[in-house]
Amino acid sequence: MATSTQSQISQQEPEPTIPDLDIEQQIVVGLEIEVIDYSPRAQWLRAAVLGANDGLLSTASLMVGVGAVRKDVKTMILTGIAGLVAGACSMAIGELVSVYSQYDIEMAQMKREVISEREMEERKAKLPSPFKAAAASAAAFAVGAFVPLLVAGFIKDYNVRLGVVVGVVSFTLLGFGGLSGVLGRAPVVKPSLRVLVGGWLAMGLTYGLTKSIASTGI
C-alpha cells in the first residue's frame, strides 16, 4: 500500500527541467552594447582639418616658393604674413557664402513644406551659423599658417631655414592627418600619408616652378 502511494506521488510531482538557454546568448543579452555614430563629426572635422591644413600648406608653399629666389628672412616672413591674412579672409568668405547657400536652401524647403511656426523655429535652430562657420574656418587657417611663420622667424641661415620649414611642415601635416583619423575613429596611417605626400608635391612644385620662372629673367 505504501509502495502504491509513493508511486502515485512520484507520478504527480513534475521532474525539474533545466531551461535550454544558450549561455553566450544570455551574456550578449545582458550586456548593453553602445554604438557611437561618428558621422555627425564629419562636417566640422572636415572644415577644421581642411582649414588648418590649407593654412599650413599654402603659407609654407608661398614661403618656400619666394625662398627659391629671395633668401633673406624678412621677405620670407612678409610673404608668409600676406599669405596668412589673404588665406584666412578667403576661407572665411568662402565658408560664409557656402553655409549661407545651404541655409537659404533649407529655409526655402521648410516654406514649401508649410510647417507650423514652432516646428520651423526648432528646425532653424539646428541649421549651421554662417558667421560661426566663417570665423572657425579663418581661425583654423590662421593656426595652420602660423606654424611655418614661427619656425622661419628664428632661423637666419637660408639653407637651414628652408630645410627646417619643410621638416616642421611635414611633421605637422602628418599630425593633421593622424588627428582627423583619431577623431573620426578612422584609420590613421593612410590619411597621414596622403596629406604628407600632397604637401610635398605642393611645396616641391611651388619651389620648382618659381625657381624656373626666375631663371628666365622675368
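Summary table
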| quantity | calculated |
| --- | --- |
| Counted residues, the stretch 151-163 - those being crowded, with 16+ Cβ neighbours inside 10 Å and under 20 Å from V197 (Cβ atoms) | 1 |
| Any hit, the stretch 72-91, residues being modelled with pLDDT under 95, of a type in the set (D, E, K, R), part of a loop (DSSP other than H, G, I, E, B) and closer than 30 Å to S212 by Cβ | yes |
| Hey, K71 of a type outside the set (A, V, I, L, M, F, W, C), without any contact (Cβ under 8 Å) to a residue 12 or more places away in the chain and surrounded by fewer than 19 Cβ atoms within 10 Å (Cβ to Cβ) or not | no |
| The listed residue being without any contact (Cβ under 8 Å) to a residue 12 or more places away in the chain and either touching a strand residue (DSSP E or B) at 6+ places or on another chain (Cβ under 8 Å) or within 17 Å of L150 (Cα to Cα) (or both), out of L56, L62, L84, L78 | L78 |
| Where a residue in the stretch 138-154 is under 13 Å from G167 (Cα atoms) and its partner, wherever it lies, is among the basic types (K, R), with Cβ under 9 Å and at least six apart | V151/R161; A152/R161 |
| Residue match in the stretch 178-192 (condition: under 18 Å from R70 (Cβ atoms) and either in contact with a helix residue (DSSP H, G or I) (Cβ under 8 Å, 6 or more places away or on another chain) or crowded, with 21+ Cβ neighbours inside 10 Å (or both)) | no |
| Any chance G51 is under 21 Å from L173 (Cα atoms), at pLDDT 90 or above and in contact with a Phe, Trp or Tyr (Cβ under 6 Å, 6 or more places away or on another chain) | no |
| Residues located in the stretch 91-138, provided they are surrounded by 15 or more Cβ atoms within 10 Å (Cβ to Cβ) and of a type in the set (S, T, Y) | S98, Y100, Y103, S137 |
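The values are calculated or read from the model by the stated rules, or taken from the named source; none is laboratory data. For clarity, every value in this text was computed on a predicted model and none was experimentally measured. So basically every Cβ, Gly included, is an ideal-geometry build from the backbone, and we count neighbours across all protein chains shown.
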